[in-house]
Amino acid sequence: MKHFLSLKDYTREEILDILKLSIEIKNSFLNGQKIIPNFKDKILAMIFEKSSTRTRISFEAGAYQLGGSSIFLSSKDIQLGRGESIKDTARVISSMVDMIMIRTFEQKRIEEFAEYSSVPVINALSDEFHPTQLIADYLTMIENGISMDISANYSQHKIVRKPIVCYIGDGNNMANSWLFLASKLGFELRIATPKGFEPISEFVNIATKETNAKINITNNPKEAINNANVVTTDTWVSMGQEEDKNIKIKAFKGFCVNNDLMRLASKNAIFLHCLPAYRGYEVSDDVIEGSQSKVFQEAQNRLHAQKGIMSFLGEKNWKK
């Protein structure tokens, strides 16, 4: 069974296949062509132990646009939220649907669920990884001419074949996911965090050892952003960690992506943020609303990325 739990489990070729599918599906969608992929009449179960705006809408709309349907399940709707074991829940739900998406806290919950599931499982966010977001992010890079691998045929930009991506902020699930995307695709990645907030060292070591990618971890955002083609960040206060807000505001002083920082990036650099954004904290209002911001293109690409992931898993797991 092929699942989508983390980019570290995927090869470069598999990631590119998902991206190509996402581009193909988006092109068909934009051209008004009816998409008839392998998701027709399939059912996606969506388990949300963490709430979301973009994740729910993109998966629910995506399943429908692919010819299937979806079932929304919060922790209040199923017995998993009342103490039923993960393996029992996985066995039951997977016996009734064709694919399962989970947005939760610990990565080990998703991995245990996938172990006992008879259908493909997608990690729609855990405390350690956010792999679906990275597909949307790289798709947005491709559309803006920033890709060493493939290009979108409607991109009007000069292609940057050796991209430099700069992530400024907390060493969280987004930083971890950027590490593994860089390690698989081979682009240069610079991560700037305050001291003590670096991404998990085990992930840094794995990503650094298994790739030709140039990966640099620093505590200096000005050093990291210098001449970068992509500047990205994430909220400093992740869901479930609100009690750390005051501590982080103090620790992250100087790490807000504002116009002063963006001027150090490449002239044609783009700005990305997975949202929700807390303006004035990790990013200034003038940057997220500025001409270099591709945040809302990126958010809309969640829809097409999810369709690419679901279609890829369908091709790998379902008999023709």
Next item on the list: Please work out which residue is farthest from residue 254 (Cα to Cα), limiting yourself to region 208-227 and to residues that are touching a strand residue (DSSP E or B) at 6+ places or on another chain (Cβ under 6 Å) and not polar (S, T, N, Q).
Entry: 214
Notebook entry, point to check: Do any strands (runs of 3 or more DSSP E) entirely within region 201-315 hold 3 or more residues that are out of contact with any Gly (no Cβ under 9 Å at 6 or more places or on another chain), and if so, which?
Noted result: 215-218, 270-273
Next item on the list: State whether one or more residues within region 127-144 are in a loop (DSSP other than H, G, I, E, B) and out of contact with any helix residue (DSSP H, G or I) (no Cβ under 9 Å at 6 or more places or on another chain).
Entry: no
Next item on the list: Check off (1) out of contact with any strand residue (DSSP E or B) (no Cβ under 8 Å at 6 or more places or on another chain); (2) surrounded by fewer than 22 Cβ atoms within 10 Å (Cβ to Cβ); (3) among the aliphatic types (A, V, I, L, M) for residue 136 and give me the number that stays unchecked.
Entry: (2)
Checklist line | Set 50, 42: member being of a type in the set (D, E, K, R), in contact with a strand residue (DSSP E or B) (Cβ under 6 Å, 6 or more places away or on another chain) and under 25 Å from residue 93 (Cα atoms) | finding: 50
Next item on the list: Name every residue in region 167-200 that is among the charged types (D, E, K, R), buried (at least 16 other Cβ atoms within 10 Å of the Cβ) and in a loop (DSSP other than H, G, I, E, B), in order of residue number.
Entry: 170, 198
Check: Hey, among 152, 136, which residue is hydrophobic (A, V, I, L, M, F, W, C) and in contact with a Lys or Arg (Cβ under 6 Å, 6 or more places away or on another chain)?
Finding: 136
Next item on the list: Write out, first by first residue and then by second, each pair whose Cβ atoms fall under 7 Å of each other, whose residues are 6+ apart or on separate chains, and whose first residue, in region 103-122, is closer than 17 Å to residue 92 by Cα and modelled with pLDDT of 95 or more while the second is assigned to a helix (DSSP H, G or I) and among the aromatic types (Phe, Trp, Tyr).
Entry: 121/113
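The values are calculated or read from the model by the stated rules, or taken from the named source; none is laboratory data. None of the values given here were measured: they were computed from a predicted structure. Ideal geometry is used to build each Cβ from the backbone, glycine not excepted, and the neighbour counts take in all protein chains shown.
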